[in-house]
1. For region B:127-155 and region A:56-124, what is the centre-to-centre distance using only Cα atoms, to the nearest Å?
2. Normalised by the number of residues in region B:87-158, what is the relative contact order in percent for Cα pairs under 8 Å and 6+ residues apart?
3. Provide the per-residue ³J(HN,Hα) series for region B:75-92, in order, calculated from phi with Karplus coefficients 6.51, -1.76, 1.60 and θ = phi - 60°, each as a whole number of Hz, with x at glycine and proline positions.
4. Quick query: amide H of residue A:2 versus all other amide H atoms, modeled in the peptide plane; which residues come in under 5 Å with a sequence gap of 5 or more or a different chain?
5. Under a 5 Å amide H to amide H cut-off, with H placed in plane at 1.01 Å, what residues pair with residue B:56 once short-range neighbours are removed?
6. Putting +1 on Lys and Arg Cβ atoms and -1 on Asp and Glu Cβ atoms, find which of A:218, A:97, A:7 reaches farthest to the positive end of the dipole of chain A.
7. Return a whole-number percent for the relative contact order of chain A, with Cα pairs under 8 Å and 6 or more residues apart as the contact set.
8. Check which residues have an amide H placed less than 5 Å from residue A:152's amide H, if you skip close sequence neighbours.
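Since every read-out is calculated from the coordinates, none of them should be taken as a lab result. Model, not experiment: these values are computed from the prediction. Here the Cβ positions follow ideal geometry from the backbone for every residue, glycine too, while neighbour counts run over all protein chains shown.
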Amino acid sequence: MRFESPSTVAAAAALLAEPGARALAGGSDLLVQMKSGMVQPAVIVDLKRIAGLGEIRETPDAFIIGAAVPGAALREAKALRKAWPGLVDGSKLIGSTQIQGRATVAGNLCNASPAADSVPAMAACGAMAVVTGPNGSRTVPVEDIPVGPGRTSLAKGELVEAIRLPKPPPRTGSAYLRFTPRTEMDIAVASVGIALSLDADGTVTAAKVVLGAVGPKVIIPEAAARALIGTRADAAALDALAAACSAAATPIDDKRGTKEFRIRVVGVLARRAAEKAIERAKGK
Amino acid sequence: MALHVKTNVNGDAAEFLCEPDETLLDALRDRLGLTGTKEGCGTGDCGACSVILDGRLVCSCLVLAAEAEGRSVRTIEGMAKGDELTTLQRKFLEHAALQCGVCTPGFLVAAEELLRRNDNPTEEQVRYWLAGNLCRCTGYDKIVRAVLDAAKDMREHAHA
Ligand code: FES
Ligand code: FES
């Protein structure tokens, strides 16, 4: 096994193209997988020495979160938290204070767990993954990176170097909620990320609803967004939203929850997340 | 192939040789002889291995030793000045916030970092901050009381 700490994204991509190479960002998934013998990388490529990857940059129209930025730094980034509180809702639920000191949202995305908390949250906010590989860079919606449990659409040598979030339009609110049996230190049984925008009268003009942990990857039911758009998110609209989310969910039964429970609770979470997003859009 | 790592531990330059897949926890304990940092689970679940790495509280079992190159690490050994305990350490003794003591270095490192960031935490904030530190003996209440009492003491002395 080799340990490499390249100083450029291009050098990291070249190393990641080698057989058995694994990227190391926060390490909170990789080291556990190594310890259990699930993976035995031939080369570990530490991304944290690459200039800029440890920073959150703000441009006139976007926030760019480097692949090595830990969750704790997201919570401390005031402008980002104000613009996209839903993203921070998701990222801050990942693990303990110690894990927050290391784990990254790019890593959470690439680990491709169906229950990843930051993924529905990011996807709802319209986050894009900046992917760089041996043949250059491409930018794709984050929801296109995981394709199933533990599997991603990244080609050999590709890495997610940053997550790019557009600046939100005025009167936009976002929220992420999950259900867990315990209050902390747990994994989502079902989860919902929502971002929506209102016009001056409080009518929903745009919405994105993303379900987590109720399928092999996130589910983005168009019917759920449609249930909100054009309404003032009144009781009938919220009922339609909850029903659309429950109808779209395709969960499995496992030790953390039954299929029936997950289908039901994902609708309840969607309703509550929408209420929270609306409050935030109204600046409450 | 062994790697040569130069780092800073508790304010002093330190160097060691380690394997590429060796954790910072193992290097601290086995290469540098700093056995105050404990291993409970080795998988990031218990917080017994808590250290501060470049100003962030982390589990040293989830950090590779090679990652410490050029960084600064603070461990429990950097806390007391010889026999002189810190307020937080004294409060742990006063409140009997430990029994077997395996979790204690991790709790102290984590709680010290909380108090550095927030000198007047609520009980809820203390409990959330320490949610990644497990204790199988005390039932947590004594630990939380010790941290809150230390914070109070430190605030009073800071203003005195
Ligand atoms: S030994 Fe590191 S968290 Fe348990
Ligand atoms: S005192 Fe024994 S585990 Fe905490």
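1. 27 Å
2. Value for region B:87-158: 51 percent.
3. 10, 4, 5, x, 8, 6, 9, x, 8, 8, 6, 6, 4, 4, 4, 4, 5, 4
4. Residues meeting the criterion, in which the H sits 1.01 Å from N, are A:43, A:44.
5. Distant-sequence amide H within range of residue B:56: zero hits.
6. Towards the positive end, the residue furthest out is A:97.
7. About 16 percent, as a whole number.
8. A:147
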